Amino acid sequence: MTASSLAQVIVAGIAMGAIYTLMALGFTILFNAMGVINFAQGDILMLGAVFGYTAYVQWHLDFFLTFVVGALGAAAVGLLMNWLIFRPLLGHPPLNSVIATIGASILIRAVGLIVWGSQALYFPPVMGSQPLNIFGVSILPYYLWALVIALLCIAAMQAFFRYTRTGKAMRATAQSRDAAALQGIPVQRMDALASAISAGLSGIGGVLVAPIFFVQTSMGALAGLKGFAAAVFGGLGSIPGAILGGVGLGVAENLSATLISSTYRDAVAFVILLVILFWRPSGLLGRSK
Amino acid sequence: MRRISGITLAGTVALAASLLLAGCGGAASGSQGNGASASSKAPITIGVFGPLSGSLAVAGQHQLDGATYAADLINAKGGADGHQIRIVSGDTQGVPADATSVVNRFIYQDHVTALLGSPNSPEVLAILNLDKKAKVVLLDPSGVAMAITQSGDPYVFRIVATDKIFSQKLVDYALQTLKFKKIAVLYDTSDYGQGGEQLVTAELKAAGVQPVTVQGYNDNTNDFTSQLLAIKNAGAQAIILWGLYTQGAEILHQMQTLGMHTQVLASTGVTIGNFFQLAGSAANGMIGATAGYSPLRTDATAQNFIHAFQAKMHYVPDLNDVLAYDAVNVLAKAVETAHSTNEAKIRAALAGIQNYPGVGGPITFQKNGDGGTAALLFRVENGKEQLLP
């Protein structure tokens, strides 16, 4: 394995990892707000991708507007889920909302199948199909651009939670709903916001991957699983943990596929996850109980 | 509780009965009685089963069209050994369980002489036991699963060439025609891909070539960077790719991204579905395999068939039409040889068929029932398939 090949594998891993990070952030934000793990997160990513496909390929919008359509469409679905599932089930055993989100996942996929069909859809390359060559690493310009967008989203989230009033209010709600409510924070509005942001991030992830891979209604299953793994990997509930988990998982699975065995790529990634959880049960950056 | 009135009850029963009848599906179609009155011998019934609704409906409809077309031609010439051929059909909806009920009906109600189906291998696998028990000849025109002829059912006869033929053809082309020595194998880890990988490595080994690397991928992978780089680093001149079309197209796109120009030779699964739409220009230069018939064939046999078929059915026949057509003709030939409609005698006559000149290529039945021997290779140029000599 030459150094440039290794660099190539790591770059591809970081790009995938950025998408996993968006998913992991979605899981983390919703978990912090309501203690819910949304198993339809991957299918919301798929919705972002198919909305993006409709906007870009069928409506001929430019790529910026495509983003807006994908993100807002996904966020709207997040709000709907908040209204139909998360809020009514708040205070019930967590298993109830788990089952409900699995149901939502099946429903979303079925609707996707009916509207967009079972065949993969071809999303044309956004910034040309001529790869750049940087120090022996061959990469499409769009890859770099997607990476930048994903990093910007992550940075914006960090800034939002650290510096804005609303962001602080959401963190306060995450720490203690009752105390936050007593301080006059509109807790229910925070829940809705968390649902919308969480789904919107997945929607952005969906639009970002659409030109890299094909768009298909089954694409959410594995993306959701990997995003969840990344969130657990870094420590569920921790935002820096989601970033570390996402990029770590992306790079680890690509390296293991290259250095160990491509056939067992997913298996190796999940074995690493198991080992880490064995060593640190609350994840790399999770708060230990 | 309110009493159910007699009328409601009767209505419900009638509705239920009609639903049940509709559920049995299918109908005798097409070719019965076309000029049949001349013949005094009892007709032969062929039960054609396959998906006529659902996502595989096109394949099933073409199979039925091909079989009906063949029966009409044979009947117009006086039948097979004087027996008119009657086609009955049943819709399986692509569901193996439905295939068993359709086939049960064929065997025990329609008393068919032969079964014909299905493009969907799992349906064929599901009915093998029924067929074996009833000792009815089963013609499998296009179901490609290797397991179909490994089941030990002596009544199974397959028309289409299997992956063994395709792997031979692809390996041969890479080694003999293109004179490559460094071959990589890339396969998906499903039954289909794994089966292909084993056949390809065995073929290579038989030619004294060790693949430079063998790389697998799961059926949910969409980033193939590590596999492709391993192949690049191994210095491969060609990749033999065994998988399905969506991932196949993705692999070609990613090779383009990585600036790889390694020759790709792909299994039949890669170039079906909406492959050409997905792969676009990334497919240019690749070589693919397909069964012995393609509408692109320019030889007289294929062209004459296409013209005659098109005149009657108003579309260009595809592989499923041709394979079902050949299947019915092979059966007619066996009936003529056997001079009988006795199942055991027809079976024996079929087993003895050698080099039958089918439209989709010569058919020679081996002991396990595999009969297809022909495969074609094509190169993709400007998004279009060009058959290789």
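The values are calculated or read from the model by the stated rules, or taken from the named source; none is laboratory data. Not measured: the values here are computed from a predicted model. FYI the Cβ positions are ideal-geometry reconstructions off the backbone, even for glycines, and counts take in every protein chain you see. Ligands, DNA and RNA are stripped out before the accessible areas are found, and what is left, the full protein with its side chains, is counted by its heavy atoms. Shrake-Rupley method; radii C 1.70, N 1.55, O 1.52, S 1.80 Å.
Observations, loosely collected:
- Accessible area per residue (1.4 Å probe, heavy atoms of protein chains only) ranks A:Tyr20, B:Tyr192 as B:Tyr192, A:Tyr20, with the largest value leading.
- Using a probe of 1.4 angstrom and keeping all protein chains present, the accessible surface of the range B:112-224 works out to 37 square angstrom per residue.
- Local charge for B:Lys135 was computed over the other residues whose Cβ lies under 14 Å away, with Lys and Arg +1 and Asp and Glu -1, and equals +1.
- DSSP-loop chymotrypsin sites (Phe, Trp or Tyr not before Pro) across the range A:209-274, with at most 16 other Cβ within 10 angstrom: A:Tyr264
- Carbon plus sulfur fraction of accessible area for chain A, probe 1.4 Å, in percent: 70
- Solvent exposure ordering (accessible area, 1.4 Å, most first) of B:Phe276, A:Phe135: A:Phe135, B:Phe276
- The range B:287-336-the range A:232-289 distance, computed between alpha-carbon centres (Å): 54
- Cα long-axis angle, helix A:219-234 against chain A (0 to 90 degrees, to the nearest 10): 70
- Kirkwood-type radius of chain A, with distances r between different C-alpha atoms, in Å: 19.3
- Ranked by the mean number of other Cβ atoms within 10 Å per residue, highest first, peptides A:251-258, B:356-363, A:48-55 order as A:48-55, A:251-258, B:356-363.
- Chain A: angle of helix A:239-259 to the longest principal axis, Cα-based, in degrees nearest 10: 30
- Amide H partners (placed H, <5 Å) of B:Leu376, local residues excluded: B:Thr290, B:Ala291, B:Gly292
- Relative protection proxy for B:59-68, B:339-348, from highest mean packing down: B:59-68, B:339-348 (other beta-carbon atoms within 10 angstrom).
- Using only the C-alpha atoms, the convex hull of the protein assembly as shown corresponds to 209 Å³ per residue.
- B:Arg158 long-range amide H proximity, modeled H, under 5 Å: B:Asp140, B:Asp370, B:Gly371
- Rounded tilt (10° steps) of B:6-24 against the dominant C-alpha axis of chain B: 50
- Mean residue ellipticity at 222 nm, helices only, the protein assembly as shown: -18000 deg cm²/dmol; runs of at least 4 DSSP H residues each add -39,500 (n - 2.57), and the sum is divided by the number of residues.
- Environment charge at A:Gly91 (Cβ cut-off 13 Å; Lys +1, Arg +1, Asp -1, Glu -1): 0
- Between the range B:208-259 and the range A:1-37, the C-alpha centres lie 23 angstrom from each other.
- Mean accessible surface per residue for the range A:100-202, computed with a 1.4 Å probe while every protein chain stays in place, in Å²: 55
- Under 16 Å from the Cα of B:Lys232 - lysines, other chains or at least 8 residues apart: B:Lys181, B:Lys182
- Converting phi to 3J(HN,Hα) with the Karplus coefficients 6.51, -1.76 and 1.60 and the offset θ = phi - 60°, the range A:158-170 yields 4, 5, 4, 6, 8, 10, 8, 4, 4, x, 5, 4, 5 Hz in sequence order, with x at every glycine or proline.
- Projected label points at A:Ala159 and B:Asn382, each 7 Å from Cα along the beta carbon direction, are separated by 5.1 nanometres.
- FRET efficiency estimate (nearest 0.05) - Cβ-Cβ, A:Ala110 to A:Phe270, R0 35 angstrom: 0.80
- Protein-only accessible surface at a 1.4 angstrom probe places the residues B:Phe180, A:Phe278 in the order A:Phe278, B:Phe180, largest first.
- Normalised convex hull volume, the range A:38-85, alpha-carbon set, Å³ per residue: 57
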